[in-house]
Amino acid sequence: MEMLKQRILQDGRALSDQVLLVDSFLNHQVDVALMKACGEEFARRFADAGITRIATIESSGIAPAAMTALVMDLPMVIMKKSVSSILKDGIIQREVFSFTKNAPYLLTLKTHFITPGDRVLLIDDFLANGEAAFGGIALLEQAGATVAGVGAVIAKAFQPGMEKLRAAGYRVEALAPVKHMAEGVIEF
Ligand code: 5GP
């Protein structure tokens, strides 16, 4: 997606060969118009996949997932990274290792919001090692859904997540696949 790649080149910053900072339009401040364009692109790429629900992981997946759900006119469900006192019943959890926090957390889904037989499109901001995506997939499948696609706004294609997901049989679409990064260098 050319518009997104240009924005990453203009406003993103490779902090190292592993970490890309895009907090001015995706992770902290959010460019809603750009997220809408991402939603339109996901909707176009997954138009033939029979999707019935969008799922995402809080918090940075929410903006692109919500826009995709809006464009596709589908419900959206958020998987949480922490459990509040009001989220007790009907939850399932899976330990996921956080790329950015370098520590595990319990990914949590309320199964009530998944209908068995749902064909889910799982959207997230980044795909790196695939930990978050595999954790989300495990919960969605445990709840009775089929994961019909995984959409990443940005995938660092030199890290193993995308290939591992594809090798496991999942369809993955990345709007901006990054081929190589070094401090101050971003290549698609
Ligand atoms: P994974 O679970 O695939 O290893 O990493 C994906 C998750 O880690 C995403 O949900 C995202 O929040 C975070 N993440 C991974 N790599 C980056 C990165 O380079 N920059 C930012 N801002 N977040 C990242």
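Of note:
- Contact order relative to length of segment 1-101, as percent, for alpha carbon pairs under 8 angstrom and 6 or more apart: 20
- Under-5 Å amide H pairs with Met79, H placed in peptide plane, nonlocal only: Thr56, Ile57, Glu58
- Residue by residue, segment 62-74 carries 3J(HN,Hα) couplings of 5, 4, x, 5, 5, 5, 5, 4, 5, 5, 8, 6, 10 Hz when phi is fed to the Karplus relation 6.51 cos²θ - 1.76 cosθ + 1.60 (θ = phi - 60°); x denotes Gly or Pro.
- Per DSSP, loop trypsin sites (Lys or Arg not before Pro) in segment 96-181 with at most 15 further Cβ within 10 Å: Lys101, Arg171, Lys179
- Gained length - Ala49 relative to Asn102, 0.36 nm times residue gap less alpha-carbon distance: 15.7 nm
- Estimated vicinal HN-Hα couplings, Hz - segment 48-56 in sequence order (Karplus 6.51, -1.76, 1.60; Gly, Pro = x): 9, 9, x, 5, 10, 7, 9, 10, 8
- Listed residue pairs exceeding 30 Å between alpha carbons, taken from Lys5/Lys81; Lys36/Lys110; Lys88/Lys179; Lys110/Lys179: Lys88/Lys179; Lys110/Lys179
- Using θ = phi - 60° and Karplus 6.51 cos²θ - 1.76 cosθ + 1.60, couplings along segment 75-87 (whole Hz; Gly, Pro as x): x, 10, 10, 9, 8, 9, 9, 8, 9, 8, 5, 8, 10
- Positive-end ranking of Ala55, Met181, Ile8 along the dipole of the chain, with charges on Cβ about the Cα centre, is headed by Ala55.
- In this simple spin-label model, placing a label point 7 Å from the Cα along the Cα-to-Cβ direction at both Ile91 and Ala182 gives a separation of 4.5 nm.
- Charge context of Ala168, other residues only, Cβ under 14 angstrom, K/R +1, D/E -1: 0
- Dipole moment magnitude, nearest 20 debye, the chain about Cα centre, only Lys, Arg, Asp, Glu C-beta charged: 300
- Between amide H atoms placed 1.01 Å from N, distances below 5 Å from Ala174 occur with Ala152, all of them 5 or more places distant or on a separate chain.
- The alpha-carbon atoms of segment 13-168, seen along their principal axes, cover 40, 35, 33 angstrom, with the largest extent given first.
- Farthest positive-ward along segment 1-155 dipole, Cα basis, beta-carbon charges - from Ile78, Thr68, Ala155: Ile78
- Segment 108-188, Rg to Rh (Cα coordinates; Rh as Kirkwood inverse mean 1/r): 1.04
- Anisotropy class of segment 1-79 from Cα gyration tensor, a/c 1.5 cut: prolate
- Over the chain, Cα pairs under 8 Å with separation of 6+ residues give a relative contact order of 22 percent.
Since every read-out is calculated from the coordinates, none of them should be taken as a lab result. Fair warning: this is a prediction, and the values are worked out from it, not measured in the lab. With ideal geometry, Cβ positions are generated from the backbone for all residues, glycine too; neighbour counts draw on all protein chains shown.
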